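Chemist: Dropping a structure here in structure tokens format, bear with me for questions.
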Amino acid sequence: MTKHNFELQKDTRSVSSLKNHQLVEAMGYLKPDDLYVSEFEYLGVYKMPIVTDDSYVLTLPDYVQAAREAGVGDLDVLVITKATVNDLLRLINFESRPWYRASKAILYKSIKVLEKHLWNTEEGKLWRQTIPGDNINEQIGYLVGYGQSTVSLVKTIGNADYSLLDRIDDPEGDMTLAKALRLIKDNTEQNGKNDNLGSVNVTNLPDGSDEDEQPDEDDDEGDEDLDEPMEDPQEKTGESTEGAAVASKGKSKKNAKAVKVKAKCDVTLTAFTMGLGRYGDFTLDLKTSRPALLYNDALLGYVSISGKDTNDPSEGLHYVIQGVDASWSFHVIATRITNIVKEEEVCGKQA
């Protein structure tokens, strides 16, 4: 006995008018290979995809693509009406489950779409209440046919390096979930030892840890020599060469041409946000003494904010927002700031 309220009605649509629904694109699907298209041409049309009233494909996207490549003009379809977003996601997930066994990349995409919907939308929250499981990973695992540990593992790998999932899917490769996780951990440990940010200056260090106030080791080594007499009285009699060496060293330091140090840029990063459409929004939170990055208003992790020593508004600004575990970062780069300001001033005067 059905429990949904949507309706399906048979219709005929031209293949050229059919396009994948955004949820199908976001969750991914297996593209038809040459054999699939060849067998489609041999077997002919015998399936009916489910599409929306405005011709967006919800099920059998691979079948529709094969029909397009085979030169089919029209397809019999089932048009869905009165469907909620929950209905659409359940239909797509129901049809996609076999693909999750074949592709970890598709599994990851589907996990992320389901997670966002179940966690952030009112309709999704209502659906979530009906799904068995004590946490979001266990509930998504129920939907995709995996345990919560596998869901968590796939999310960890995909969030860190999505290309590793493609390597796992490669039938001729030797990458596995376990190897991918080990590779990510090794990279994280290596980044922790050397974060490759030697050219940037951290601007949000705790009070009392300003790098400008730290003594310079090279200068310390020469301070005692500079306090020595510039000339040893015994040098003229030839009785001592030690004083001459000290004098020579001190003199060279005194006469050395001073290196001009470029003043550090005082332009600090005070706000940052990035919207990635259906994948959500990233926002920098500076409301507390500990900077953090939010993902869809939920804490993604604490961060350090760094600016390059060479930052110059007339040349360009470069900031790095890096997670405390050094496994991810955002690079904020702005160039020709002065030109933008001048252009805005001109436009303002003309207005």
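The values are calculated or read from the model by the stated rules, or taken from the named source; none is laboratory data. What you see is a predicted model; the values in this text were computed from it and never measured. No Cβ is skipped: glycine too gets one built from the backbone with ideal geometry, and neighbour counts run over all protein chains shown. Ligands, DNA and RNA are excluded from the accessible area calculation, which covers all protein heavy atoms including side chains. Shrake-Rupley method; radii C 1.70, N 1.55, O 1.52, S 1.80 Å.
Chemist: Return a whole-number percent for the relative contact order of the range 1-107, with Cα pairs under 8 Å and 6 or more residues apart as the contact set.
Modeler: The normalised contact order for the range 1-107 reaches 40 percent.
Chemist: To two decimal places, what compactness ratio does the range 25-111 give when its Cα radius of gyration is scaled by 2.2 N^0.38 Å?
Modeler: Normalised by 2.2 N^0.38 Å, the Cα Rg of the range 25-111 equals 1.12.
Chemist: Apply the Karplus parameterisation 6.51 cos²θ - 1.76 cosθ + 1.60, with θ equal to phi minus 60°, to every residue of the range 165-181 and state each ³J(HN,Hα) to the nearest whole Hz, in sequence, with x for glycine and proline.
Modeler: So the J values, rounded to whole Hz, are 5, 4, 5, 5, 6, 5, x, 9, x, 10, 6, 10, 4, 5, 5, 5, 5.
Chemist: Still on this structure, I have one more. Per residue, what accessible area does the range 5-151 have, given a 1.4 Å probe and all protein chains present, in Å²?
Modeler: 51
Chemist: Convex hull over the alpha-carbon atoms of the range 1-49: what's its volume per residue in Å³?
Modeler: Per-residue hull volume (Cα only) is 162 Å³.
Chemist: Now, a different point. Out of residues 5 or more away from residue 51 or on other chains, whose amide H comes under 5 Å of its own, with H placed 1.01 Å from N in the peptide plane?
Modeler: When sequence neighbours closer than 5 places are left aside, the close amide H contacts are 58, 78, 79, 80.
Chemist: Let me ask something else about it. Not counting ligands, DNA or RNA, and with a 1.4 Å probe, what is residue 274's accessible surface area in Å² rounded to the nearest 10?
Modeler: The accessible area comes out at roughly 70 Å².
Chemist: Right, next: Could you tell me which residue out of 28, 121, 67 lies farthest along the dipole of the range 1-141 toward its positive end? Charges go on the beta carbon: Lys and Arg +1, Asp and Glu -1, centred on the Cα centre.
Modeler: About the Cα centre, the residue reaching furthest to the positive side is 121.
Chemist: Additional query: At a probe size of 1.4 Å, how large is the accessible area of residue 39, to the nearest 10 Å²?
Modeler: 80
Chemist: For the pairs 287/308; 19/47; 82/104; 109/287; 155/179, flag any whose C-alpha to C-alpha distance is greater than 25 Å.
Modeler: 82/104; 109/287
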